[in-house]
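J.: Quick one: this structure, given as structure tokens, is what I'll be asking you about.
The values are calculated or read from the model by the stated rules, or taken from the named source; none is laboratory data. Keep in mind that what you see is a predicted model, and the values were worked out from it rather than measured. Ideal geometry is used to build each Cβ from the backbone, glycine not excepted, and the neighbour counts take in all protein chains shown.
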Amino acid sequence: MAEDQSMEAVIGLEIHVQLQTREKLFCADVVNFGAPPNTHVCPVCLGLPGALPVLNREAVALAIRTSLAFGCTVHRRSVFARKNYFYPDLPKGYQISQFEEPLATGGQVPVRLEGEEVPHLVRIRRIHMEEDAGKSIHDRFPEATAVDLNRTGTPLVEMVSEPDFRTPEQVRAYLDQVKRTLEYLEVSDCNMEEGSLRVDANVSIRPQGVTELGTKTELKNMNSFSNVEKALRVEISRQIRLVAEGGQVEHQTLLWDERAGDVRPMRSKEESHDYRYFPDPDLPALELSEAWIADLREGLPELPEERRRRFVSEYGLPEYDAGVLTAHRSLADYFEETVEQTDDPKESSNWLMGPILGLMKERDETAAELPVRPKGLASLIELVDSAVVNRRVARQVLEKMAESGRGGAEAPSAIVEEAGLAQISDAGQLQSWVEDALAAHPEEVARYRGGERRLQGFFMGEVMKRSRGKADPGEVARILGQALKG
Ligand SMILES: [Zn+2]
């Protein structure tokens with residue numbers, strides 16, 4: 001075990017991100033996940049003789065936005081190359097990618113780890129554009145593999161990090177941060193299950209204090225962030241065990257097998273020169289104007305990290321709240337629209353972090369999709385503030401708003417009226433419920449008066465039951481306190 005402790009892992013990541021464009025990277029086919037197989041293909045993406053690629057400007061814009069958001073230098077000139085290899089789902093026999101002269105280099109992502117003050121900096125080596133391949137389908141027909149080429153030519157960016165990770169936790173935090181940023185940028189839907197975001201990792205180990213890198217393995221086939229974390233854990237301990245037993249790590253590609261919870265070798269890795277990259281003769285070098293890059297920089301939205309800091313400074317929210325609320329752009333927007341109405345950041349935050357997040361989870365909807373809109377929530381908070389309903393009833397009103405799809409500013413008071421949910425603060429009515437509750441439980445009254453003060457909660461509950469939840473709890477507490485004194 002002593003040997004284990006002296007070893008450290010060195011991890012680098014490659015992330016493929018599908019850009020959310022209408023059309024493919026070099027032709028006018030529409031990108032459409034889930035369409036019937038081979039219905040979005042044309043001579044260009046099928047690589048038929050004589051077909052010529054034309055670069056999609058929208059894809060370039062999204063790739064530049066991505067590069068700028070991660071602090072990369074976007075190069076005025078980059079080159080598309082052919083990466084030659086044979087694969088059944090690659091009809092052209094090559095993939096168009098950027099190799100020697102990528103779109104962007106030299107970025108940096110600050111990664112926050114829980115409980116650590118200073119963010120861990122992960123350097124981005126390069127971001128380049130490339131086209132996706134098609135898909136081989138192994139499980140549709142018995143003893144046959146089918147090919148769907150709809151995905152062929154879909155625009156991707158590949159984001160390559162330096163080997164700056166030492167632990168699977170750092171990797172996870174980085175992936176979360178990258179995904180958040182991509183969502184804020186609206187460049188990708190980042191759906192891992194549909195393959196819009198794919199993560200490959202390379203892993204090696206070395207004795208702590210050594211700067212030289214060990215032989216690395218490459219991990220593939222991890223279709224969720226938690227699988228990435230698990231696969232890395234498994235692979236790091238496999239390498240440490242191997243070396244401790246006197247063995248050597250072999251350079252190979254490993255596939256994560258989710259069911260087995262283990263990694264297995266795929267094929268020995270081809271050297272990159274096997275691909276025989278050369279500049280694509282059908283595509284001129286991509287030349288970008290300084291003005292266009294500047295425009296795109298100008299158009300970047302506020303990014304998650306900046307927004308988180310602003311939520312703390314502008315609204316005085318605790319760090320924790322700011323982190324949760326800015327995790328998704330639509331949730332952060334929802335919060336700001338609510339506060340605009342309520343002018344009460346902390347109360348609005350409590351509603352979002354509790355009932356609204358609960359509702360989103362229950363209904364499997366984003367904040368943007370939720371039928372209860374910020375103005376509706378704000379009116380509901382207003383009803384609680386002005387003691388028309390108590391918090392408990394307000395939760396019921398919220399449920400009804402969601403169920404009935406009435407989520408606007410008028411909905412809460414309309415629902416309170418229709419369902420007769422308004423809070424009862426009438427002193428005479430409350431007094432009679434209190435008296436009734438006390439009369440029904442003489443034994444508990446005696447115990448309370450004998451010193452069991454915690455029975456206050458029991459009596460509160462009895463009174464609320466009699467009011468069917470509508471009694472003003474503040475008033476009940478006051479009246480109850482006096483009645484119990486006797
Ligand atoms: Zn096409």
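J.: Filter segment 141-189 down to residues that are closer than 24 Å to residue 203 by Cβ, in contact with a Lys or Arg (Cβ under 7 Å, 6 or more places away or on another chain) and part of a helix (DSSP H, G or I), then give me how many there are.
T.: Matching residues across segment 141-189 total 2.
J.: Quickly run through segment 406-431 and pick out the residues that are of a type in the set (A, V, I, L, M) and in a loop (DSSP other than H, G, I, E, B).
T.: Result: 409, 419, 421, 422.
J.: Is it true that residue 65 is touching a residue at least 12 places away in the same chain (Cβ under 8 Å), more than 16 Å from the ligand (Cβ to nearest atom) and closer than 16 Å to residue 156 by Cα?
T.: yes
J.: Determine which single condition residue 86 fails, assuming it passes every other condition in (1) among the hydrophobic types (A, V, I, L, M, F, W, C); (2) in a loop (DSSP other than H, G, I, E, B); (3) within 16 Å of the ligand (Cβ to nearest atom).
T.: (3)
J.: In segment 72-83, what residues are in contact with a Pro (Cβ under 9 Å, 6 or more places away or on another chain) and part of a loop (DSSP other than H, G, I, E, B)?
T.: Residues satisfying the conditions are 75, 79.
J.: Could you list, in sequence order, the residues of segment 432-473 that are acidic (Asp, Glu) and assigned to a helix (DSSP H, G or I)?
T.: Of everything in segment 432-473, those that are acidic (Asp, Glu) and assigned to a helix (DSSP H, G or I) turn out to be 435, 436, 443, 444, 462.
J.: Let me ask something else about it. All but one of (1) more than 20 Å from residue 164 (Cβ to Cβ); (2) surrounded by 17 or more Cβ atoms within 10 Å (Cβ to Cβ) hold for residue 259; state the number of the condition that does not hold.
T.: (2)
J.: Looking at segment 35-62, which of the residues that are in contact (Cβ under 8 Å) with a residue 60 or more places away in the chain and either outside the structural domain of residue 196 (by TED's automatic domain parsing) or among the small types (Gly, Ala, Ser) (or both) is farthest from the ligand (Cβ to nearest atom)?
T.: The extreme case among them is 61.
J.: Within segment 10-29, which residues are of a type outside the set (Asp, Glu), out of contact with any Asp or Glu (no Cβ under 6 Å at 6 or more places or on another chain) and within 16 Å of the ligand (Cβ to nearest atom)?
T.: 18, 19, 22, 24, 26, 27, 28 - these are the residues of segment 10-29 that are of a type outside the set (Asp, Glu), out of contact with any Asp or Glu (no Cβ under 6 Å at 6 or more places or on another chain) and within 16 Å of the ligand (Cβ to nearest atom).
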